[in-house]
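I'd like to ask you about the structure that follows.
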Amino acid sequence: SPDMDDIPLMRNAFLAVQQMIKENLILAMHDRSDGGLITAVAEMCMASRCGFEIQLSSLALQAGQAELFTEELGFVMEVKSVHYNRRISEICSSLNVPIKIIGATRSDTACE
């Protein structure tokens, strides 16, 4: 099971998500602890009937595989880019919650 090394960070992440929900900023969200990042993104796309493009920070094959399949605490959110550039990054910064763009959904109709 995933380790929780930073309890205050987990609390702040929860508070950030609650604020984003309150402000209707999140289109979709999924935890990455069961199956890793790739499973979370794939399940989100299946539910929304859209595709995705993901950008790995690691160039080495082994490091890329670890980034995709590691089952650690965290979550993936789908948001409109206009919200990320403004309010979402503001909320996360105010609570010291790291956030990173990892890609984009792809569809003509189901996702923005």
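Once the chain is represented by equal point scatterers at the alpha-carbon sites, with solvent omitted, what log10 I(q)/I(0) does the Debye formula produce at q = 0.18 Å⁻¹?
-1.01
Another question about this same structure. For ALA28, enumerate residues with amide H under 5 Å from its amide H, sequence gap 5+ or separate chain, H modeled in the peptide plane.
GLU78
Give the long-range amide H neighbours of GLY103: residues separated by 5 or more places, or on another chain, with amide H under 5 Å away, using H modelled in the peptide plane at 1.01 Å from N.
Sorted by chain and number, the residues that satisfy this are GLN55.
Stretched out fully, how many nm does the piece from ASP34 to ASN96 gain, at 0.36 nm a residue minus the Cα gap?
Answer, rounded to one decimal: 19.8 nm.
Right, another one. Taking the Cα-to-Cβ direction at ASP3 and at SER107 and moving 7 Å from each Cα, how far apart do the two end points lie in nm?
Label at ASP3, label at SER107, 3.7 nm between them.
For PHE52, list long-range residues whose amide hydrogen, built 1.01 Å from N in the peptide plane, is under 5 Å from its own amide hydrogen.
Those lying under 5 Å, H to H, from PHE52 are ARG106.
Ignoring ligands, DNA and RNA, what percent of the 1.4 Å accessible area of the chain is carbon and sulfur? Numbers along the way, then the final one.
Working: 3980 of 7550 Å².
Carbon-and-sulfur percentage of accessible area, whole number: 53.
Report ³J(HN,Hα) in whole Hz for each residue of the range 39-49, in order, from the Karplus equation J = 6.51 cos²θ - 1.76 cosθ + 1.60 where θ = phi - 60°; Gly and Pro get x.
5, 4, 5, 4, 5, 5, 5, 4, 5, 9, 6
As a test question: what accessible area, to the nearest 10 Å², does THR39 have when a 1.4 Å probe is rolled over all protein chains in place?
Rounded to the nearest 10, the figure is 40 Å².
Under the Karplus relation 6.51 cos²θ - 1.76 cosθ + 1.60, θ = phi - 60°, what is the ordered set of whole-Hz ³J(HN,Hα) values for the range 96-106, x standing for Gly and Pro?
Per-residue couplings from phi come out as 6, 9, x, 9, 8, 7, 10, x, 8, 7, 9 Hz.
What FRET efficiency, computed as 1/(1 + (r/R0)^6) with R0 = 22 Å and r the Cβ-Cβ distance, is obtained for MET46 and ILE21, rounded to the nearest 0.05?
Details: r = 22 Å, r/R0 = 1.01.
According to the calculation, E is roughly 0.50.
The values are calculated or read from the model by the stated rules, or taken from the named source; none is laboratory data. Every value quoted in this text rests on a predicted model; they were computed, and no experiment measured them. Heads up, the Cβs are rebuilt from the backbone with ideal geometry, glycines too, and the neighbour counts pull from every protein chain shown. What goes into the accessible areas is simple: the full protein's heavy atoms, side chains included, and nothing from ligands, DNA or RNA. Shrake-Rupley method; radii C 1.70, N 1.55, O 1.52, S 1.80 Å.
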